[in-house]
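The values are calculated or read from the model by the stated rules, or taken from the named source; none is laboratory data. What you see is a predicted model, and the numbers here were worked out from it, not measured in a lab. Here the Cβ positions follow ideal geometry from the backbone for every residue, glycine too, while neighbour counts run over all protein chains shown. These area figures cover heavy atoms from the full protein model, side chains too; ligands, DNA and RNA do not enter into them. Shrake-Rupley method; radii C 1.70, N 1.55, O 1.52, S 1.80 Å.
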Amino acid sequence: MSRMVYLAGRIVPEEQALVSVFDHGLLYGDGVFEGIRVYNDRVFLLQEHIDRLYESARAIRLQVPLPPDQLSQAVEDTVKANQISNGYVRLIVTRGSGTLGLDIRRTADPQVIIIADTISLYPAEYYRDGLKLVTASTIRNHSAALSPRIKSLNYLNNILAKIEGTDAGCVEALMLNHKGEVAECTGDNLFIVKNGQLITPPPEAGILEGITRNAVMNLARNAGISVTEKALVRHDIFVADECFLTGTAAEVIPVTSLDGRVIDDGKPGPVTEQLLGLFRQMTSGE
Ligand code: PMP
């Protein structure tokens, strides 16, 4: 069955959802996006994703051509049109088509695109056994060059690090910032557990503030687990009691080694499992 795609105010078959080759989203990666989950017919944390999208757009001086409530409705409508009960939404706003040149004043018609699709999940054994990570030599973008807090269409920084991970046989790779501190993985945020406390790098470490990260921090605090945002280095991960990643696709996924150093006993830890359980309760609407 052909997917139905939202484009420029209409929901059309994917074959008709076409954007210009002069769109600066294609030419320069000039645009912003969100990846959102659908669980049991509900678009999960939609308001949080909409808020982050408009913040990303504001940071690159891109005017989203419709108000947030209409965009939320368009997401809901696209999910329904595709009869997605459990799946994934990709929401994109491009700069629009223009002349060959960087000047945003020479562009018109920012394009709003919404794709609703099924999602292929990580295999269950990753959750049971944990991921092995390597540190990429590609550092995360310096926030004075391109802030990682902007979820922009320009993902080459992460893609280059992901290539290093894949070459090393890992599904994720750790990215450090220009100071050598831990930032995040190529598409996931990172947490450690030390002496019962949850620790994760702060936004200033050069991270995307993940919606899943925020949700997990709240779940932890409500469960009486202390949460600290603090600069981390690789050594902190080597000697952590537990380590896990969070992300829209991955949810909460244990990490059991970094650069060949086994973390604690090499098995997913109890706090990680507790938080994965709480997160899955939240996604199932309990
Ligand atoms: N960091 C990066 C670089 C990401 O691209 C993502 C999302 N794919 C995340 C972290 C996790 O964010 P979220 O929980 O909002 O999916």
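Structure notes:
- Taking a straight line from the alpha carbon of residue 179, these aspartates and glutamates sit under 16 Å away, with near neighbours fewer than eight places off in the same chain left out: 204, 236.
- Nearest 10 degrees, 0 to 90: helix 46-59 Cα axis against the chain principal axis: 70 degrees
- Protein heavy-atom accessible surface, 1.4 Å probe, per residue over the stretch 91-161: 54 Å².
- Extending 7 Å from the Cα toward the beta-carbon at both residue 264 and residue 106 defines two label points whose distance is 5.6 nm.
- Percent of beta bridges antiparallel (DSSP, the stretch 124-283, rounded to nearest 5): 70 percent
- Rounded to 10°, Cα long-axis angle of helix 68-81 versus longest principal axis of the chain: 90 degrees
- Difference of contour (0.36 nm per residue) and Cα-Cα distance, residue 3 to residue 125: 40.9 nm
- Loop-located chymotrypsin sites (Phe, Trp or Tyr not before Pro) in the stretch 121-191 whose Cβ has at most 16 other Cβ within 10 Å (DSSP): 155
- Remark: the residue 179-residue 209 segment gains 8.9 nm on full extension, using 0.36 nm per residue and subtracting the alpha carbon distance.
- Protection proxy ranking of 223-236, 80-93, by the mean of other Cβ atoms within 10 Å over each peptide's residues and highest first, is 80-93, 223-236.
- Percent breakdown of C-alpha pair distances by 5 Å bin, ordered from the shortest bin, for the stretch 20-134: 2, 11, 19, 17, 15, 14, 10, 7, 3, 1, 0
- Modelled label reach - residue 14, point 7 Å along Cα→Cβ, the stretch 60-100 residues with backbone N closer than 20 Å: 75-94
- Of 80/151; 194/230; 162/194, pairs whose Cα-Cα distance is over 23 Å: 80/151; 162/194
- Working note: Cα gyration tensor of the chain, eigenvalues times five, square-rooted, sorted largest first, giving semi-axes of 33, 22, 16 Å.
- The stretch 142-278 gives an Rg/Rh value of 0.94, both radii derived from C-alpha positions and Rh following Kirkwood.
- Rounded percent of accessible protein surface that carbon and sulfur make up, the chain, 1.4 Å probe: 52 percent
- Sites residue 234 and residue 90, calculated FRET efficiency, Cβ-Cβ separation with R0 35 Å, nearest 0.05: 0.60
- Between the stretch 136-208 and the stretch 34-113, the alpha-carbon center distance in angstrom: 23 Å
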